[in-house]
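Peer 1: First the structure, then my questions, so here it is.
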């Protein structure tokens, strides 16, 4: 009788776990890090930036400015507004709360 080999696939690591590893230096820098993280690179870098408090959008506007723009109709309405704010890295719920406070 021949024995079947069983291979155990290791569990995938979460973005959070990979970010911890990157911060500990386990994935190198620059191109080496990109190769090591593969398709997770951008997500991991975003998580690292979040943890480090890095503003990855230096041209981000203040909440007050965005609220003024929403009231002026520059961000659309309903789900369209929500989606556009989210894509621009603003929290639509925070913006809506501030809009509601003004009315």
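Read-outs: derived from the displayed coordinates by stated rules, not from any lab. Please read these numbers as outputs of a predicted model, since none were measured by experiment. Glycine also receives a Cβ, built like all others from the backbone with ideal geometry; neighbour counts cover every protein chain displayed.
Peer 1: Among 91, 31, which comes first, second and so on when ranked by fewest other beta-carbon atoms within 10 Å? Write down the numbers at each step before the final one.
Peer 2: Numbers: 91 12, 31 8.
Lowest to highest Cβ neighbour count: 31, 91.
Peer 1: If each of residue 29 and residue 63 carries a label point 7 Å out from its Cα toward its Cβ, how far apart are those two points in nm?
Peer 2: 3.6
Peer 1: According to a simple spin-label model (label point 7 Å from Cα along Cα-to-Cβ), what is the distance in nm between residue 100 and residue 21?
Peer 2: Result for the modelled spin labels: 4.1 nm.
Peer 1: Counting residues in the range 63-102 as N, plug N into 2.2 N^0.38 Å and put the Cα Rg over that result.
Peer 2: Working: Rg = 8.7 Å, N = 40, 2.2 N^0.38 = 8.9 Å.
Rounded to two decimals, the normalised Rg is 0.97.
Peer 1: Give me the extension gain from residue 74 to residue 11: residue separation times 0.36 nm, minus the current Cα-Cα distance, reported in nm with one decimal. Please report the intermediate quantities before stating the final value.
Peer 2: On the way: separation 63, 0.36 × 63 = 22.68 nm, distance 4.46 nm.
Length gained, residue 74 through residue 11: 18.2 nm.
Peer 1: Rounded to whole Å and ordered largest first, report the semi-axes of the equivalent ellipsoid of the range 25-102 derived from its Cα gyration tensor (root of 5λ). Could you put the intermediate results ahead of the total?
Peer 2: Values: eigenvalues 226, 32, 18 Å².
Semi-axis lengths for the range 25-102 are 34, 13, 9 Å.
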